[in-house]
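The values are calculated or read from the model by the stated rules, or taken from the named source; none is laboratory data. Computed from a predicted structure; not experimentally measured. Reconstructed Cβ throughout: ideal geometry from the backbone, glycine too, with neighbour counts over all protein chains shown. Surface areas here come from the heavy atoms of the whole protein model, side chains and all, with no ligands, DNA or RNA. Shrake-Rupley method; radii C 1.70, N 1.55, O 1.52, S 1.80 Å.
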Amino acid sequence: MDGSSPPRAALTIPDLVADGLVRADDAPVLEQVAQDFRLRLTPQMRAASARSDGVARQFVPTAAELIQRPEDLPDPIGDDAHAPVPGLTHRYPDRVILHVTKTCEVYCRFCFRRETVGDTGHLPQDQLDAALDYIARTPAIHEVILTGGDPLVLSARRIADLVARLADIAHVGVLRLHTRVPVVAPDRITDALIAALRQHPSVWIVLHTNHADELTAEARAALTRLADAGIPLLSQSVLLRGVNDSADTLEALFRALIRLRVKPYYLHHCDLARGAGHFRTTIDQGQAIMASLRGRLSGTALPTYVLDIPGGYGKVPIGPGYLVPDAQGWTVTDPNGQQHRYSDPES
Ligand SMILES: *Cc1c(COP(=O)(O)O)cnc(C)c1O
Ligand code: SF4
């Protein structure tokens with residue numbers, strides 16, 4: 001495969017029944033879910049789902065998705081609140097998100113963009129031109145983040161064209177891609193794709209992955225090809241109830257990633273996407289997990305736990321606090337939970 005093939009055909013509910021991933025009795029209600037929220041798995045994730053509940057729960061629809069809660073939002077992270085031109089989100093002065101496509105290789109059941117992914121394919125050429133034009137005439141933009149959907153569903157040739165155009169804009173010092181493809185569709189990570197990416201002198205990949213069982217032998221090989229090509233790799237994960245909401249599960253994931261030369265970057269608190277309430281933990285639970293990982297895991301393997309404030313107000317760290325001010329200075333908690341006093345030296 002040359003990496004230019006379109007995303008594979010969607011699976012059907014009967015396929016999932018045949019795999020034993022859903023019960024035949026549940027098929028009618030799941031057909032209803034699949035009308036509302038697209039269904040797609042790659043062969044790799046279909047096989048991994050059969051082996052692991054932690055993978056299956058991310059991709060196999062459930063009736064719980066029909067439950068709407070008052071807190072659910074159609075645009076949970078406020079992408080639309082900062083769109084100067086279609087397809088572009090400019091929330092922070094120095095960086096923009098370019099939504100090059102709405103298609104993904106898999107559709108995650110908790111997706112924060114689930115209202116928009118899957119419907120209209122790639123960003124039309126005239127809108128892409130307008131977005132690149134906005135970037136070219138906005139010198140404050142130091143970094144362009146390609147996302148979607150998943151930018152790596154584009155053919156290697158289209159990616160080559162886009163990367164070349166971005167490399168021509170002198171003030172864009174860094175190009176970043178947010179993708180799930182190296183894990184869910186590792187066969188797309190071809191030499192042609194890597195050559196396309198490397199046209200930009202500083203291209204970074206942020207891999208979305210949530211469970212060590214996603215990291216199949218093929219996925220590991222794809223990540224190794226990217227790292228060997230000199231492309232820095234980071235990861236982002238979503239804290240998901242029933243998938244990875246335990247210190248042991250996240251420890252296994254972060255250890256596996258760091259061995260693959262992927263630096264865990266963010267652990268996202270689950271967003272308020274519609275029909276995804278069953279995946280949410282509380283912030284208290286997330287903080288307790290992070291606190292138990294601190295000291296147990298190398299600092300290189302620890303991501304920052306973040307919340308994307310609903311409404312488009314930005315991402316902020318929400319990890320456990322170790323420092324409390326007092327009259328004399330500070331009380332600091334160590335990784336074992338013991339408290340210590342600290343005072344700033346007199347100036
Ligand atoms: C998450 C996000 C970014 C990137 O944020 P970093 O903290 O730099 O990873 C940029 N723009 C928008 C709109 C975002 O949601
Ligand atoms: S790959 Fe990303 S954008 Fe696509 S469905 Fe999953 S979370 Fe959403």
- Filter result (out of contact with any Lys or Arg (no Cβ under 8 Å at 6 or more places or on another chain) and either open to solvent by 60 Å² or more (accessible area, probe 1.4 Å) or free of Cβ contacts under 8 Å to residues at least 60 places away in the same chain (or both)) within the stretch 76-91: Asp80, Ala83, Pro84, Val85, Pro86, Gly87, Leu88, Thr89, His90
- Query: Which of (1) surrounded by 14 or more Cβ atoms within 10 Å (Cβ to Cβ); (2) more than 30 Å from Arg198 (Cα to Cα); (3) among the hydroxyl-bearing types (Ser, Thr, Tyr); (4) in contact (Cβ under 8 Å) with a residue 60 or more places away in the chain does Ser235 not meet, given it meets every other one?
  - Reply: (2)
- Task: State which residue is surrounded by the fewest Cβ atoms within 10 Å (Cβ to Cβ) when the search covers only the stretch 247-287 and only residues that are away from ligand 1 (no atom under 16 Å from the Cβ) and among the basic types (Lys, Arg).
- Result: Arg259
- Item | Considering residues of the stretch 9-42 that are assigned to a helix (DSSP H, G or I) and touching a Leu at 6+ places or on another chain (Cβ under 8 Å) only, the residue most open to solvent (accessible area, probe 1.4 Å) | Gln32
- Query: Pairs under 7 Å by beta carbon, first residue under 19 Å from Val184 (Cα atoms) in the stretch 139-161, partner polar (S, T, N, Q) and within 15 Å of ligand 1 (Cβ to nearest atom), six or more apart or different chains?
  - Reply: Asp150/Thr179; Pro151/Thr179; Leu152/Thr179
- For the stretch 294-346, enumerate the residues that are touching a strand residue (DSSP E or B) at 6+ places or on another chain (Cβ under 9 Å) and either of a type in the set (Lys, Arg) or at positive phi (or both). Gly311, Gly312, Gly314, Lys315, Gly329, Arg341
- Note on the structure: Val206 meets each of (1) within 16 Å of ligand 1 (Cβ to nearest atom); (2) part of a helix (DSSP H, G or I) with one exception, condition (2)
- Message: I'd like the full set of residues that are open to solvent by 30 Å² or more (accessible area, probe 1.4 Å) and assigned to a helix (DSSP H, G or I), limited to the stretch 117-159.
- Response: Gln125, Asp126, Gln127, Asp129, Ala130, Asp133, Tyr134, Ala136, Arg157, Arg158
- Would you point out which residue out of Val206, Val163, Val174, Val181 is open to solvent by 10 Å² or more (accessible area, probe 1.4 Å) and either of a type outside the set (Asp, Glu) or touching a Gly at 6+ places or on another chain (Cβ under 6 Å) (or both)? Val174
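Return the total of residues in the stretch 86-110 being part of a loop (DSSP other than H, G, I, E, B) and within 14 Å of ligand 1 (Cβ to nearest atom).
Here the count works out to 3.
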- Would you confirm whether any residue within the stretch 325-333 is without any contact (Cβ under 8 Å) to a residue 12 or more places away in the chain, closer than 21 Å to Leu272 by Cα and out of contact with any helix residue (DSSP H, G or I) (no Cβ under 6 Å at 6 or more places or on another chain)? no
- Task: Collect the residues in the stretch 262-299 that are among the basic types (Lys, Arg) and in contact with an Asp or Glu (Cβ under 9 Å, 6 or more places away or on another chain), keeping them in residue-number order.
- Result: Arg274, Arg280, Arg296
